[in-house]
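Reviewing the structure listed below.
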């Protein structure tokens, strides 16, 4: 953050030296450009723009629009009219404005010149589009962004087809790691798998603006996928590390294209934050416990159940009306797996064709016993017998915590030390080396969080890939502005009861308006 402040301060301070020279050419004392607030006011009056330009200038980040306008209008008054010249002046303001100020051939042409200047229609469109793109990009990057729910991992709290607005200011807007990017594209250009929509020419360190609140337990949080630092292009829906564990690194790299992504360009996930820094987390028989107490359960929480029937089927429309959409065949005769909320569980049990309903619950040691899904549960080694239904206890790391290291618990902290906090980590015999020195402890630099989906048996979450670092947190889901049901016909797709519904922050649960 200190480095960012230094860079931005230098950008604006040097730019105002250019303003000093331009003010002199305009017949206005140059010293006025160097006085905070007053210099901006004089610049706005000099280009004959309304006072709201001055007011907007001091709105964080949105003020950049006013800054661009002031630069462009000053250049126009000096006969510099080409679009590319204006773009160059905005990007390289400290150098371009000083160049203009010292160039004796460039002089202030005055108001009569501007009164007689007629902007071409093409330029009108170019300016309008540029303004809209810059404004939308700033708002999207730092204030609020629209997201959609593509998978069922948060059902039935947030549904597939929900369109959300996510506030980035609640937890403090994160300064982009890669500030050079194509507007409205996340990590690749539309319709491509590998063509980057950003440049890594400039990479800024992690920094946030002041926050309104800390991340609270049980809030629905959007974050960059922590395990998405390395991606297999042909299988972007799979976790690279798990593919390596299953197939071997050589095979994965031989058969696929493997790329890396900076933090802010990793996939966006949305889950419920069930564990905060310092919490002790444990799962027993699918029940989540935080610090020894059973955790909050949202109304939309659902689990997988094995439903044994007499061979009769179900009324598909009745199931859809109750939003029971996840039904899977099993290898057992007359047995289906259904993902159900408590309310829908009671409904299924009440049906005459249902003989038995049993909750899916994989005991400790399940994967070792059955010999499949090798090490797919965090910490992704054979040092534990954990499953997604019986897990922990595990302490969630916090900034400043000193953790004792051993070969047994190293897998829990390995990604924290090596990937998230950027240290060199090696194991030689029985010794652990961090940055070339033997270490038996490590001081954690960031806060970490534990994220889980409300659809507990169909959610790729922290149980599989571990902690979410604070620098991966994007924002807080605040409300649903549109919801389309993919299982309905076009004219019935809109879920009217969910439109503009707030995702309340008191318990993180979805509540209808």
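The values are calculated or read from the model by the stated rules, or taken from the named source; none is laboratory data. Since we're looking at a predicted model, the values are computed, not measured. Neighbour counts are summed over all protein chains in view; Cβ atoms, including those assigned to glycine, are modelled from backbone coordinates with ideal geometry.
Starting from segment 171-198, keep only residues that are on the phi > 0 side of the Ramachandran plot, then list their pairs with residues that are outside any loop (DSSP other than H, G, I, E, B) and surrounded by fewer than 18 Cβ atoms within 10 Å (Cβ to Cβ) whose Cβ atoms are within a distance under 8 Å, requiring at least 6 positions of separation or different chains. Close Cβ pairs (under 8 Å, with a partner that is outside any loop (DSSP other than H, G, I, E, B) and surrounded by fewer than 18 Cβ atoms within 10 Å (Cβ to Cβ)) amount to 172/208; 184/136; 184/137; 184/140. Taking the listed residues 301, 281, the one that is modelled with pLDDT of 90 or more, more than 20 Å from residue 358 (Cα to Cα) and surrounded by 14 or more Cβ atoms within 10 Å (Cβ to Cβ) is 281, with no other qualifying. Are any residues in segment 433-459 touching a helix residue (DSSP H, G or I) at 6+ places or on another chain (Cβ under 8 Å) and buried (at least 22 other Cβ atoms within 10 Å of the Cβ), and if so, which ones? Within segment 433-459, 447, 448, 449, 450, 451, 452 meet the criteria. Residue count for segment 436-472 under the criterion of being in a loop (DSSP other than H, G, I, E, B) and under 17 Å from residue 411 (Cα atoms): the result is 5. For segment 243-255, filtered to residues that are modelled with pLDDT of 90 or more and buried (at least 16 other Cβ atoms within 10 Å of the Cβ), the residue that is farthest from the chain's Cα centre (by Cα) is 252.
With respect to the conditions (1) buried (at least 17 other Cβ atoms within 10 Å of the Cβ); (2) closer than 21 Å to residue 11 by Cβ; (3) in contact (Cβ under 8 Å) with a residue 24 or more places away in the chain, residue 77 falls short on a single one, namely (2). In summary, strands (runs of 3 or more DSSP E) completely within segment 123-230 and bearing 3 or more residues that are at pLDDT 90 or above and out of contact with any helix residue (DSSP H, G or I) (no Cβ under 9 Å at 6 or more places or on another chain) occur at 162-167, 220-224. The set of residues from segment 304-326 being within 24 Å of residue 389 (Cα to Cα) and touching a helix residue (DSSP H, G or I) at 6+ places or on another chain (Cβ under 7 Å) comprises 305, 307, 324. Scanning segment 245-265 for residues that are outside any loop (DSSP other than H, G, I, E, B), under 22 Å from residue 188 (Cβ atoms) and without any contact (Cβ under 8 Å) to a residue 60 or more places away in the chain yields 252, 253, 255, 258, 260. Of the residues making up segment 131-170, those that are farther than 27 Å from residue 456 by Cα and without any contact (Cβ under 8 Å) to a residue 24 or more places away in the chain number 1. Has segment 358-377 got any residue that is under 30 Å from residue 443 (Cα atoms), in contact with a strand residue (DSSP E or B) (Cβ under 8 Å, 6 or more places away or on another chain) and surrounded by 16 or more Cβ atoms within 10 Å (Cβ to Cβ)? The answer is yes; a qualifying residue exists.
Here is a yes/no grid of residues against (1) in contact with a strand residue (DSSP E or B) (Cβ under 9 Å, 6 or more places away or on another chain); (2) farther than 18 Å from residue 168 by Cα:
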residue	(1), (2)
429	no, yes
444	yes, yes
449	yes, no
452	yes, yes
458	yes, yes
470	yes, no
479	yes, no
484	yes, yes
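Pairs are defined by a Cβ separation below 6 Å, a sequence spacing of at least 6 or placement on different chains, a first member in segment 322-350 that is free of Cβ contacts under 8 Å to residues at least 40 places away in the same chain, and a second member that is loosely packed, with under 14 Cβ neighbours inside 10 Å; the pairs so defined are 334/311; 337/328; 337/330. Considering the conditions (1) touching a residue at least 60 places away in the same chain (Cβ under 8 Å); (2) at negative phi; (3) under 37 Å from the mean Cα position of the chain (by Cα), residue 89 is excluded by exactly one of them, (1). Got a sec? Which of 228, 292, 275, 304 is free of Cβ contacts under 8 Å to residues at least 40 places away in the same chain and within 21 Å of residue 464 (Cα to Cα)? After ruling out the rest, the residue left standing is 228. Looking only at residues that are in contact with a helix residue (DSSP H, G or I) (Cβ under 7 Å, 6 or more places away or on another chain) and either modelled with pLDDT of 95 or more or surrounded by 19 or more Cβ atoms within 10 Å (Cβ to Cβ) (or both) in segment 381-393, which one is nearest to residue 463 (Cα to Cα)? This residue is 388.
Of all residues in segment 51-64, those satisfying the criterion of being surrounded by 13 or more Cβ atoms within 10 Å (Cβ to Cβ) and under 18 Å from residue 168 (Cβ atoms) are 60, 61, 62, 63, 64. Residues in segment 113-127 that are over 14 Å from residue 73 (Cα atoms) and over 46 Å from the mean Cα position of the chain (by Cα): 116 alone.
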